[in-house]
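Undergrad: First the structure, then my questions, so here it is.
Here, each number is a calculation from the coordinates, and none is a lab measurement. Only a predicted model underlies this, so the values are computations on that prediction, with no experimental measurement involved. Heads up, the Cβs are rebuilt from the backbone with ideal geometry, glycines too, and the neighbour counts pull from every protein chain shown.
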Amino acid sequence: MRPIVITGFMGCGKSKVARALARRLDVPVIDLDDVITARQGRTPAQLITEEGEPAFREIESNTLRETLESIPAGVIALGGGAWIEETNRDLIDQRGCLSVWLDVPFEVCWGRIKTSEEDRPLGRTREQALKLYKRRKPIYQLADIHAQRMADENLENFISRIERLI
Ligand code: S3P
């Protein structure tokens with residue numbers, strides 16, 4: 001099986017979908033932000049706040065490269081900005097991964113961002129998040145598979161559809 005990479009905007013449910021999909025497919029799951037946190041001893045949010053976004057992106061890219069080189073095929077949830085970097089898309093492509101974009105309406109993502117306990121330094125205000133969402137959307141569209149979450153669709157159904165798309 002080709003490794004599956006899950007991408008999409010902050011709050012679209014990448015980690016949750018990756019875990020559920022991996023369980024269905026009976027393969028390992030990896031969350032890139034968790035790998036970064038474990039290795040750096042700081043969360044992506046802390047790294048962005050304390051070191052700046054460019055330094056975080058470099059760490060993110062290196063971690064992605066090492067992760068893709070070392071893990072067996074499975075499901076990998078990216079952070080929302082990882083797919084935006086061309087270098088990362090090339091790494092994902094070279095490893096033969098299948099990329100899946102979780103296309104979730106902005107208002108749904110924002111609703112989760114604003115109520116979440118997790119700090120998202122790049123989406124602290126609605127304006128900031130919306131601008132980023134619009135700018136990134138055409139790049140998410142480059143993913144192999146476009147999984148659009150229907151209004152009111154439950155997670156199980158969404159996962160089944162993704163499974164069929166794969
Ligand atoms: C980011 C998304 C975050 C995290 C970091 C940067 C982004 O992950 O990697 O705060 O640039 O969109 P989630 O998409 O899991 O929130």
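Undergrad: Scanning the range 107-131 for residues that are without any contact (Cβ under 8 Å) to a residue 60 or more places away in the chain and in a helix (DSSP H, G or I), which turns out farthest from THR49 (Cα to Cα)?
TA: Of the residues in the range 107-131, the ones without any contact (Cβ under 8 Å) to a residue 60 or more places away in the chain are 107, 114-115, 117, 124-128, 130-131.
Narrowing the set further to residues that are in a helix (DSSP H, G or I) leaves 107, 114-115, 126-128, 130-131.
On the way: GLU107: 25, LYS114: 18, THR115: 20, ARG126: 18, GLU127: 19, GLN128: 15, LEU130: 20, LYS131: 19 Å.
Top of the filtered list is GLU107.
Undergrad: With the requirement that a residue be under 19 Å from GLU107 (Cα atoms), in a helix (DSSP H, G or I) and more than 15 Å from the chain's Cα centre (by Cα), what does the range 139-163 give you?
TA: Once the filter is applied, which keeps residues that are under 19 Å from GLU107 (Cα atoms), in a helix (DSSP H, G or I) and more than 15 Å from the chain's Cα centre (by Cα), the range 139-163 yields LEU155, PHE158.
Undergrad: Out of (1) in a helix (DSSP H, G or I); (2) away from the ligand (no atom under 11 Å from the Cβ); (3) within 19 Å of GLY11 (Cβ to Cβ), what's the single condition that is false for ILE36?
TA: So ILE36 meets the others, but not (2).
Undergrad: Quick one: GLY79 ticks every box in (1) more than 12 Å from the ligand (Cβ to nearest atom); (2) within 12 Å of the chain's Cα centre (by Cα) except a single one, so which number is it?
TA: Every listed condition holds for GLY79 apart from (1).
Undergrad: What do you reckon, is ILE145 surrounded by 13 or more Cβ atoms within 10 Å (Cβ to Cβ) and over 23 Å from PRO44 (Cα atoms)? Walk me through how you get there before you give the answer.
TA: Details: surrounded by 13 or more Cβ atoms within 10 Å (Cβ to Cβ): yes; over 23 Å from PRO44 (Cα atoms): yes.
In short, yes.
Undergrad: Looking at the range 16-50 only, could you name the residues that are surrounded by 15 or more Cβ atoms within 10 Å (Cβ to Cβ) and among the hydroxyl-bearing types (Ser, Thr, Tyr)?
TA: Within the range 16-50, THR37, THR43 meet the criteria.
Undergrad: Suppose we filter the range 84-106 for residues that are crowded, with 16+ Cβ neighbours inside 10 Å and part of a loop (DSSP other than H, G, I, E, B); how many remain?
TA: The qualifying residues number 4.
Undergrad: Which count do you get for residues in the range 6-15 that are touching a helix residue (DSSP H, G or I) at 6+ places or on another chain (Cβ under 7 Å) and either surrounded by fewer than 20 Cβ atoms within 10 Å (Cβ to Cβ) or under 17 Å from ILE145 (Cα atoms) (or both)? Talk me through it step by step, then tell me what you get.
TA: Here is the first cut: in the range 6-15, the ones touching a helix residue (DSSP H, G or I) at 6+ places or on another chain (Cβ under 7 Å) are 6-12.
Among the residues that remain, those that are also either surrounded by fewer than 20 Cβ atoms within 10 Å (Cβ to Cβ) or under 17 Å from ILE145 (Cα atoms) (or both) are: 6-9, 12.
Number of matching residues: 5.
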